[in-house]
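First comes the structure, then the notes that go with it.
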Amino acid sequence: MNLIAAVDKNWAIGMDNKLLVRIPDDMKRFRQMTVGKVVVLGRKTLETFPGGQPLKDRTNIVLSKNKDYRVKGAVCVHSMEELSQELGKYNSEDVYVIGGESVYRQMLEQCDTAYITKLDYSYQADAWFPNLDGEKAWQITEESEEQTYFNLEYYFITYSKKQD
């Protein structure tokens with residue numbers, strides 16, 4: 001399974017239920033990687049999408065503790081067990097965990113690749129991704145050249161879980 005996120009220097013991912021910044025090339029990369037695949041997300045993340053609607057051309061699996069929560073065009077699960085059962089229907093290489101913070105933390109152990117857009121800036125934030133640089137189980141396996149968006153520098157970095 002995969003994780004995909006944009007993080008700042010402190011591994012922050014959001015503020016007030018919004019992304020820290022919208023970078024067109026990062027959004028394009030996200031789309032290219034996830035279209036035709038399965039995305040796993042929390043209810044709050046879904047609510048940040050246009051109209052609170054699931055992402056088009058993807059299987060959206062939404063994790064919500066609220067057992068009555070339903071969303072047209074998405075599969076809703078209400079526990080990690082339910083999520084695990086649902087994910088068993090798909091090739092794990094085609095599954096991308098896309099947020100938010102609590103879903104990333106709950107799914108980190110089950111994933112083996114993380115596609116991170118690392119922003120060379122520190123934002124004010126209230127949500128964070130686990131710091132993979134501080135996790136012994138993870139290593140950088142690929143890093144892009146420096147990218148820029150106006151005066152913001154960023155990198156596309158692939159982290160892979162170390163094999164035992």
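Does GLN124 qualify as being open to solvent by less than 60 Å² (accessible area, probe 1.4 Å) and among the polar types (S, T, N, Q)? Against the criterion (open to solvent by less than 60 Å² (accessible area, probe 1.4 Å) and among the polar types (S, T, N, Q)), GLN124 does not qualify.
When THR158, THR141, THR148 are checked against the criterion of being more than 24 Å from GLY36 (Cβ to Cβ), polar (S, T, N, Q) and free of Cβ contacts under 8 Å to residues at least 60 places away in the same chain, THR148 stands alone in meeting it.
Among the residues making up segment 114-154, a single one is of a type in the set (Lys, Arg) and either within 25 Å of LYS44 (Cβ to Cβ) or assigned to a strand (DSSP E or B) (or both): LYS118.
Can TYR149 be described as open to solvent by 60 Å² or more (accessible area, probe 1.4 Å) and either at pLDDT 95 or above or in contact with an Asp or Glu (Cβ under 6 Å, 6 or more places away or on another chain) (or both)? Yes.
Just checking, which of ILE116, ILE140 is within 17 Å of ARG22 (Cβ to Cβ) and either open to solvent by 70 Å² or more (accessible area, probe 1.4 Å) or hydrophobic (A, V, I, L, M, F, W, C) (or both)? Before you say what the answer is, go through the steps one by one.
Numbers: ILE140 fails: within 17 Å of ARG22 (Cβ to Cβ).
Of ILE116, ILE140, the one residue that is within 17 Å of ARG22 (Cβ to Cβ) and either open to solvent by 70 Å² or more (accessible area, probe 1.4 Å) or hydrophobic (A, V, I, L, M, F, W, C) (or both) is ILE116.
State which residue is nearest to ILE157 (Cα to Cα) when the search covers only segment 56-113 and only residues that are open to solvent by 70 Å² or more (accessible area, probe 1.4 Å), among the acidic types (Asp, Glu) and without any contact (Cβ under 8 Å) to a residue 40 or more places away in the chain. If we take residues in segment 56-113 being open to solvent by 70 Å² or more (accessible area, probe 1.4 Å), among the acidic types (Asp, Glu) and without any contact (Cβ under 8 Å) to a residue 40 or more places away in the chain, then GLU109 is nearest to ILE157 (Cα to Cα). Note on segment 1-53: residues that are open to solvent by less than 40 Å² (accessible area, probe 1.4 Å) and closer than 20 Å to MET80 by Cα amount to 11.
The values are calculated or read from the model by the stated rules, or taken from the named source; none is laboratory data. As the structure is a computational prediction, the values presented were derived from the model and not from experiment. Cβ sites come from the backbone with ideal geometry, for glycine too, and all protein chains shown count toward neighbours. Accessible surface is based on the protein model in full, side chains and every heavy atom, while ligands, DNA and RNA are left aside. Shrake-Rupley method; radii C 1.70, N 1.55, O 1.52, S 1.80 Å.
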